[in-house]
Amino acid sequence: MKLSRKIFLLSAVACGMMVAHDAAHAAHHAPGDPADEKARQVLAHMSPEDKMSLLFSVDGGGFNGSVAPPGGLGSAAYLRAPAGSGLPDLQISDAGLGIRNPAHIRKDGAAVSLPSGLSTASSWDMDMAREAGAMIGREAWQSGFNVLLGGGADLTRDPRGGRNFEYAGEDPLQTGRMVGSTIAGVQSQHVISTLKHYAMNDLETSRMTMSADIDPVAMRESDLLGFEIALETGHPGSVMCSYNRVNDLYACENPYLLNTTLKQDWHYPGFVMSDWGATHSSARAALAGLDQESAGDHADARPYFQALLAADVKAGRVPQSRIDDMAQRIVRSLFAQGLVDHPPRRAPLDVVTDTLVAQRDEEEGAVLLRNEGNVLPLSPTARIAVIGGHADVGVISGGGSSQVDPIGGEVVKGPGKKDWPGDPVYFPSSPLKAMRAEAPSAHITYDPGTNIAAAVRAARAADVAVVYATQFTFEGMDAPNMHLDGNADALIAAVAAANPRTVVVMETGDPVLMPWNSSVAGVLEAWFPGSGGGTAIARLLFGKVAPSGHLTMTFPQAESQLAHPDIAGVTANNVFEMQFHTDQELVYDEGSDVGYRWFDRNHLKPLYPFGYGLTYTTFATDGLAAGYHHKQLTVTFNVRNTGTRPGVDVPQVYVGLPDGGARRLGGWQRVTLAPGESRQVSVQVDPRLLAHFDGRHDRWAIPSGRFRVWLGTSAVDDSQQVSVHLPARTLAP
């Protein structure tokens with residue numbers, strides 16, 4: 001181990017242990033916090049044993065054949081509240097896209113699924129994110145659950161990440177605001193939302209053992225900034241620490257992450273729960289800031305936060321004050337999020353209304369990448385050949401703990417794979433049927449795409465060919481490459497050669513390589529489209545709604561452009577082997593330059609840049625100005641719809657610091673305009689995006705000098721820029 005990392009580890013442990021009680025005291029004695037006071041009153045009447053019982057949940061049933069515990073509904077975990085406490089039992093459900101039914105343990109466990117987190121984030125619409133969160137929060141509450149294990153805020157450091165589809169992308173500001181808005185929506189329904197996976201859980205390969213090694217300053221300016229903004233935006237009742245190690249220390253026993261950063265610097269008053277199988281100790285984890293062990297009877301090597309932790313308290317290794325703090329944080333969140341006063345009321349789901357929310361989310365989040373010759377929107381009287389992707393029956397979803405049982409059942413029968421996560425699940429929302437409903441005068445045929453020659457014949461007989469292509473990604477395993485599934489690349493190339501008016505609809509969990517890109521006329525990135533996906537895609541293709549999504553991840557031209565072209569261990573034979581394949585250290589020497597920042601720093605040209613997205617009209621911006629008043633940088637400009645139909649523009653503001661480095665997203669505005677309409681827009685830049693994190697003094701500092709400000713349609717748009725001089729200052733903690 002390098003000397004600098006040894007120093008970091010020693011200082012992290014020492015500092016983290018010292019601040020543990022001080023941070024708890026500061027958080028729980030803030031004046032005027034009614035939830036905190038209510039928690040203190042309840043805990044004052046509890047025995048030490050009752051307090052200890054709040055720190056440990058049990059497996060909720062379904063995983064590996066386990067049954068639901070007495071009182072549990074069948075879910076990720078269950079915690080029985082102490083008798084006579086007046087507190088509710090915790091019914092804890094996966095996950096961030098909808099209510100999971102592990103191993104179909106509940107007979108009535110089907111639910112509505114949102115599109116992937118990437119789709120929601122690609123809308124750049126915080127109101128939409130909040131509405132989406134409220135929908136799954138409401139379904140959780142109506143299903144009897146009061147804790148939901150979402151949303152995910154890990155940054156996309158690698159576009160092959162198996163769980164990228166659950167998250168929001170590669171930028172900390174955009175991730176924090178969008179994920180935080182989803183969390184706020186969930187919690188508006190009296191359900192605790194869980195911010196996860198804290199932190200640096202950016203890959204699935206070796207996730208149980210890998211150490212993500214990164215300079216703490218760079219981590220604060222990238223991944224941790226995303227979590228910080230999500231906390232400020234959504235105020236989640238709980239935070240989940242991740243499996244992996246961070247600078248050699250497991251995240252769930254990492255005092256720098258849990259005590260120093262989360263509880264002391266960010267003044268977080270809620271509780272930290274472990275990921276399932278992420279607890280490795282009792283005293284060490286408790287002193288580092290872990291408050292609750294999740295499903296410890298099933299997921300961990302030992303039930304650390306039961307008899308072992310009690311013995312640590314008795315022996316003086318863990319003070320009783322720390323146990324009191326752990327219990328206080330948990331009970332405070334129960335009051336703060338309304339779990340005590342508004343217990344769930346089981347009721348049938350409003351499937352029609354909730355599916356419309358999922359549909360609108362997909363309509364806003366799908367990204368139009370290419371539209372040569374205005375091939376889109378499709379003519380309602382055209383001859384259209386629909387090819388591939390099981391588009392005749394449904395849309396694909398991502399696998400793992402975010403998987404939702406489809407209402408109406410699974411519509412594609414797979415080979416019956418027994419290993420995690422099983423066969424890909426397709427929701428019964430058929431794009432083909434929806435296209436026929438949207439355009440009854442069109443002549444629409446379907447070919448499964450399994451025989452390329454037959455698909456080519458169908459394409460030649462049509463005015464337009466629409467090829468549906470998928471990429472199945474899932475928790476536990478990273479994608480070994482950036483290609484579409486099966487023979488999709490060859491199929492698209494052959495169809496495009498037969499019919500130059502070919503449109504590709506991609507249902508993917510990650511960015512993919514597109515060797516056929518210049519040969520096709522149109523490309524729509526639909527992500528994992530969710531329960532309303534088929535209808536949403538059809539409405540987008542026929543122009544009933546205009547695309548308005550913009551990328552939150554960079555699409556590279558080749559894997560060689562990535563900061564880490566290879567993922568060590570990604571060729572393991574199965575998911576279990578991959579998770580424990582190597583005890584490697586992954587050194588994130590790109591630091592805070594994640595995604596588009598990496599491309600900017602290294603002058604690399606992507607296939608499609610961060611922030612990019614087309615629509616069915618055109619926009620123009622002018623009048624860019626930047627002013628600094630009352631310690632706030634404000635950027636103003638005018639946006640005008642220069643096309644012939646209504647549309648949504650998402651102009652983005654990027655900033656460059658005077659001492660160089662990659663540009664940073666400083667803010668954005670989503671603007672809806674009628675044809676010919678114009679509007680003046682004002683964007684306030686988050687001061688942390690103008691600053692460096694000062695690790696020595698544990699604060700943000702804005703340097704003095706001239707800052708560049710870009711206004712663009714993506715992270716590579718240099719067409720409009722101004723500069724502004726800012727004085728040096730430090731930001732208040």
Query raised in the report: Between segment 349-375 and segment 638-680, what is the C-alpha centre distance in whole Å?
Result: 21 Å
**Report entry** Tensor-based shape of segment 414-530 (alpha-carbon gyration tensor, a/c under 1.5 rounded, otherwise prolate or oblate)
**Finding:** prolate
**Report entry** Fraction of accessible area attributable to carbon and sulfur, segment 193-257 (%, probe 1.4 Å)
**Finding:** 55 percent
**Report entry** Inter-site label distance for Asp108 and Arg302 at 7 Å from Cα along Cβ, in nm
**Finding:** 4.2 nm
Query - Residues of segment 217-249 with amide N under 20 Å of a point placed 7 Å along Cα→Cβ from Asp659 - result: 217-225
Report task. Let me know the charge dipole size of the chain about its Cα centre in debye, to the nearest 20, where only the beta-carbon of Lys, Arg (+1) and Asp, Glu (-1) is charged. Result -> 820 debye
Query raised in the report: If you take the square roots of the eigenvalues of the alpha-carbon gyration tensor of segment 619-731 and sort them as a ≥ b ≥ c, do you get rounded (a/c under 1.5), prolate (a/b over b/c) or oblate?
Result: prolate
Report summary line: Computed over the chain: longest principal axis from alpha-carbon atoms vs helix 172-187 long axis, angle to nearest 10 degrees, is 70 degrees
Query - Cut-off under 5 Å, modelled amide H: who pairs with Val272 long-range - result: Val239, Asp291, Gln292
Query - Heavy-atom accessible area per residue - segment 351-542, 1.4 Å, Å² - result: 33 Å²
Query raised in the report: Using the alpha-carbon atoms, what tilt in degrees (0 to 90, nearest 10) does helix 488-498 show relative to the longest principal axis of the chain?
Result: 20 degrees
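Share of segment 619-731's accessible area from carbon and sulfur, percent, 1.4 Å?
Heavy-atom surface of segment 619-731 belonging to carbon and sulfur, 1.4 Å probe: 46 percent.
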Query raised in the report: Where the centroid of each part is defined by its Cα atoms, how far is segment 426-505 from segment 240-306 in Å?
Result: 45 Å
Report summary line: With every protein chain in place, the accessible area of Ile330 for a 1.4 Å probe, in Å² rounded to the nearest 10, comes to 0 Å²
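Give me the percent of the accessible area of segment 386-467 that comes from carbon and sulfur atoms, probe 1.4 Å, all protein chains in place.
Taking all protein chains in place, segment 386-467 shows 52 percent carbon and sulfur surface.
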Report task. Over the alpha-carbon set of the chain, work out the extent along each principal axis and list the three values in angstrom, largest first. Result -> 80, 62, 47
Query raised in the report: Of Val404, Val313, which has the most accessible area and how do the rest follow, probe 1.4 Å?
Result: Val313, Val404
**Report entry** Where labels lie 7 Å past Cα in the beta-carbon direction, separation of Asn574 and Ala437 in nm
**Finding:** 4.1 nm
Query raised in the report: Ignoring ligands and nucleic acids, what accessible area does Tyr426 show with a 1.4 Å probe (Å², nearest 10)?
Result: 20 Å²
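Solvent-accessible area per residue for segment 619-731 at a 1.4 Å probe radius, Å²?
Working: 4980 Å² over 113 residues.
Heavy-atom accessible area per residue stands at 44 Å².
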**Report entry** Estimated FRET transfer efficiency (Thr209, Ala44; beta-carbon r; R0 60 Å; 0.05)
**Finding:** 0.90
**Report entry** Partners for Lys544 among lysines (Cα-Cα distance below 16 Å; same-chain residues under 8 apart left out)
**Finding:** Lys433
Requested in this report: Divide by every residue of the chain the summed helix terms, -39500 (n - 2.57) for each DSSP H run of at least 4, and state the resulting mean residue ellipticity at 222 nm, rounded to the nearest 500 deg cm²/dmol.
Outcome: -8000 deg cm²/dmol
Report summary line: Here the FRET efficiency for Asp698 versus Val412, based on Cβ atoms and R0 = 56 Å and rounded to 0.05, is 0.60
Requested in this report: Under 13 Å from a label point 7 Å along Cα→Cβ of Arg383: give me every residue in segment 445-466 with its amide N that close.
Outcome: 445, 457-465
Report summary line: Cα-Cα longer than 32 Å, checked against Lys107/Lys263; Lys38/Lys631; Lys107/Lys413; Lys263/Lys314, kept in input order, equals Lys107/Lys263; Lys38/Lys631
Requested in this report: Calculate how many DSSP beta bridges within segment 48-337 are antiparallel, expressed in % of all such bridges and rounded to the nearest 5.
Outcome: 30 percent
**Report entry** Separation of the Gln721 and Gln557 label points, Cα + 7 Å toward Cβ, nm
**Finding:** 2.1 nm
Query raised in the report: What accessible surface, in Å², does a 1.4 Å probe find on Glu677, ignoring ligands, DNA and RNA and rounding to the nearest 10?
Result: 70 Å²
**Report entry** Added length on full extension, which subtracts the Cα-Cα distance from 0.36 nm per residue, Ala315 to Asn602
**Finding:** 97.8 nm
**Report entry** Residues Arg345 and Val67, FRET efficiency given R0 of 30 Å [Cβ-Cβ distance, rounded to 0.05]
**Finding:** 0.75
Query - Spherically averaged projected area in nm², based on the convex hull that wraps the Cα atoms of segment 176-322 - result: 8.9 nm²
Query - Heavy-atom accessible area ranking, 1.4 Å probe, most first, across Val648, Val411 - result: Val411, Val648
Report summary line: Note on segment 270-384: alpha-carbon gyration tensor, axes a ≥ b ≥ c; rule is a/c under 1.5 for rounded, else prolate if a/b larger than b/c, else oblate; result prolate
Query - Under 5 Å, built H, 5+ apart or other chain: amide partners of Phe580 - result: Ser206
Query raised in the report: Helix 3-28 versus the longest principal axis of the chain: what is the Cα-based angle in degrees, 0 to 90, to the nearest 10?
Result: 70 degrees
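The values are calculated or read from the model by the stated rules, or taken from the named source; none is laboratory data. Predicted model, so just to flag it, every value in this text is computed and none were measured. Counting neighbours? That spans all protein chains shown, and the Cβs are built from the backbone with ideal geometry, glycine included. Remember, those area values only see protein heavy atoms, side chains included, never the ligands or the DNA or RNA. Shrake-Rupley method; radii C 1.70, N 1.55, O 1.52, S 1.80 Å.
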